[in-house]
Amino acid sequence: MTARKKSSDKPKLHDGHRKRLRQRFFREGLEQFEDHQVLELLLFHAVPRRDTNEIAHLLLKRFGSLSAVLEADPKDLATIPGMGESAVAFVSLIPPLTRRYLTDSVSRHKPTLDDSRKTNAYLTPLMAGRTEEVFYVLCLNSSCQLLFPALISKGTVNEANIHPRHVVEAALRHKAASVIFAHNHPSGQLKASRADINITRVLVQALIPIGIKVLDHVIVAGRQNLSMAAEGLL
């Protein structure tokens, strides 16, 4: 009889803890939360009947930091006890959802990308947290307002396959008057490689016959950006 009572009381204790943590979030936001508490709160929504504090600590021990947990490969997340399919999907959703929110908050009023400061402000959240190299064509109208950020390629950490035909098709489809190329260096190295320079020149030549000017090619490494136009590399 006693054993049954203890067993039935355990979920109630967890429920009370969850309610208190949620109420604290509503009062204070996340600023005063420790990393394991942030993960614990997140996991409430994907792990209904287990102590998520234990799982949060296991995640931090395995990956080392909150950002590393959120950026971890789903297959690696799934090796942590308590991380079922729903929990893995939920945690893996956070970085792309954050990028989408930040990018949309900048782009919903069609920003004018007519100088490097504005371009960098737009690109930094677009590239945030990416572990693979991606290549975008930012399609602009005649006033340099953003029409559409066309994702052309996703590659590995070291390379992205970019086909001139896809770039031309994207620029025409979105009726671009000019474009800005952008890609990231997940390694953090802020330097244009020979491959970066070569593909830029190929793409510039591909767009000349249809009258679309390339204004810049920006490389993003973390919060730093390099303008190939400013460096004389276009």
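The values are calculated or read from the model by the stated rules, or taken from the named source; none is laboratory data. Every value quoted in this text rests on a predicted model; they were computed, and no experiment measured them. Quick reminder, even Gly has a Cβ in these numbers, built from the backbone with ideal geometry, and neighbours come from all protein chains shown.
Filter segment 203-234 down to the residues that are surrounded by fewer than 13 Cβ atoms within 10 Å (Cβ to Cβ) and among the hydrophobic types (A, V, I, L, M, F, W, C) and list them by number.
Those that are surrounded by fewer than 13 Cβ atoms within 10 Å (Cβ to Cβ) and among the hydrophobic types (A, V, I, L, M, F, W, C): 208, 210, 230.
How many residues are assigned to a helix (DSSP H, G or I) and either of a type in the set (S, T, N, Q) or without any contact (Cβ under 8 Å) to a residue 40 or more places away in the chain (or both) if we restrict to segment 125-164?
1
Condition (residue is under 15 Å from residue 171 (Cβ atoms) and in contact with a Gly (Cβ under 9 Å, 6 or more places away or on another chain)) applied to segment 124-137: is it met by at least one residue?
Scanning segment 124-137, I find at least one residue that is under 15 Å from residue 171 (Cβ atoms) and in contact with a Gly (Cβ under 9 Å, 6 or more places away or on another chain), so the answer is yes.
Filter segment 175-187 for residues that are within 23 Å of the chain's Cα centre (by Cα) and either over 12 Å from residue 215 (Cα atoms) or among the acidic types (Asp, Glu) (or both); which is modelled with the lowest pLDDT?
Restricting to residues being within 23 Å of the chain's Cα centre (by Cα) and either over 12 Å from residue 215 (Cα atoms) or among the acidic types (Asp, Glu) (or both), the top hit is 187.
Would you confirm, using the coordinates I've provided, whether residue 30 is within 14 Å of residue 87 (Cα to Cα) and either out of contact with any Gly (no Cβ under 9 Å at 6 or more places or on another chain) or of a type outside the set (S, T, N, Q) (or both)?
no
Residue by residue through segment 44-84, note down the ones that are in contact with a Gly (Cβ under 8 Å, 6 or more places away or on another chain) and outside any loop (DSSP other than H, G, I, E, B).
Residues satisfying the conditions are 52, 54, 55, 58, 67, 70.
Hey, can you tell me all the residues within segment 191-215 that are hydroxyl-bearing (Ser, Thr, Tyr) and under 16 Å from residue 229 (Cβ atoms)?
Passing the criteria: only 200.
Kindly indicate whether residue 43 is closer than 21 Å to residue 89 by Cβ, touching a helix residue (DSSP H, G or I) at 6+ places or on another chain (Cβ under 8 Å) and in the same structural domain as residue 85 (by TED's automatic domain parsing).
yes
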